[in-house]
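Accompanying notes for the structure given below.
The values are calculated or read from the model by the stated rules, or taken from the named source; none is laboratory data. Since this is a predicted model, take the numbers as computed values, not measurements. In this analysis, Cβ positions are derived from the backbone assuming ideal geometry, glycine residues included, and neighbour counts consider all displayed protein chains. To get the accessible areas, we keep the full protein, side chains included, count just its heavy atoms, and leave off ligands, DNA and RNA. Shrake-Rupley method; radii C 1.70, N 1.55, O 1.52, S 1.80 Å.
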Amino acid sequence: MKKVNKLSTCIPPDLVEEIIRNGREQDDQHVYRVAKRGKIDNVEFMGSYEETLYEKRTFKEDLSLIGSYSTSCYLTPKGPRKFLRFLKAGLFKTYPHPIIIHGNTICGLSQLTKERIPDYPDKEHVDWWIYQDSFDKLIKEFKVFEDFNQKGLTNE
């Protein structure tokens, strides 16, 4: 009997079906993302909505859109570097040591956002819906790409 992989329980069932229709397993798709807390752990792989719940913040995006439940990634480090500049400008006291991590979109379904939303402004943005109980594997797979401190990226 084939094991059925499950997505986060915070995703409404009708949106799970939409994610399954849109996303696909792409174990060889290399991506980059920001780990705001400076370490590679479970929290850094939560989807946007789930992370907001974890941080006890108000979610300001549209909960009827599947992208609200994804883990945002990018095909190149350009998007994460832009986000790091945003963190440094306004949230450095909350996240004093963010890093850029990289690895493959294993353990889930992913989709280039532009495939679903043709006028999406960032052509390198990837929505990634990670299977439950996959975080340990991701923590081993992903590595630090760039470190960030008060002076900026360590290899800039």
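Expressed as an acute angle from 0 to 90° and rounded to the nearest 10, what is the orientation of the C-alpha long axis of helix 78-90 relative to the principal long axis of the chain? Roughly 60 degrees, rounded to the nearest 10. The angle separating the long axis of helix 13-22 from the principal Cα axis of greatest extent in the chain is about 80 degrees. Take E61: with every protein chain present and a 1.4 Å probe, its accessible area is about 120 Å². GNM on the chain, C-alpha springs below 10 Å: top fluctuator among S110, S64, S134? Sorting by GNM fluctuation, first place goes to S64.
Counted over all Cα-Cα pairs of segment 19-82, pairs farther apart than 14 Å make up 66 percent. Here the accessible area of the chain is 52 percent carbon and sulfur, with a 1.4 angstrom probe and all protein chains present. Residues of segment 1-67: accessible area per residue at 1.4 Å, in Å²? Per-residue value: 66 Å².
Among T76, T113, T58, whose mean-square fluctuation peaks in a Gaussian network model of the chain (Cα, cutoff 10 Å)? Top of the fluctuation ranking is T58. On a per residue basis, the convex hull of the C-alpha atoms belonging to segment 1-141 measures out at 119 Å³. With all protein chains kept in place, the per residue accessible area of segment 75-133 amounts to 52 square angstrom at a probe of 1.4 angstrom. Relative to the current alpha-carbon distance between L65 and I20, full extension at 0.36 nm per residue lengthens the span by 14.9 nm. The candidates R85, R37, arranged from most to least accessible area with a 1.4 Å probe in the full protein assembly, appear as R85, R37.
Let me know the Kirkwood hydrodynamic radius for segment 63-156, please, with Cα pairs as the basis and the value in Å to one decimal. Result for segment 63-156, one decimal place: 14.6 Å. Each Lys and Arg Cβ is given +1 and each Asp and Glu Cβ -1; about its Cα centre, segment 1-134 then shows a dipole of about 640 debye. For the residues G103, G90, G38, a GNM of the chain with alpha-carbon springs under 10 Å puts the largest fluctuation on G90. Computed from the C-alpha gyration tensor, the three semi-axes of the ellipsoid equivalent to segment 105-151 are 24, 20, 7 Å, from longest to shortest. Spin-label model, F86/V43: points 7 Å from Cα along the beta carbon direction are separated by 1.9 nm.
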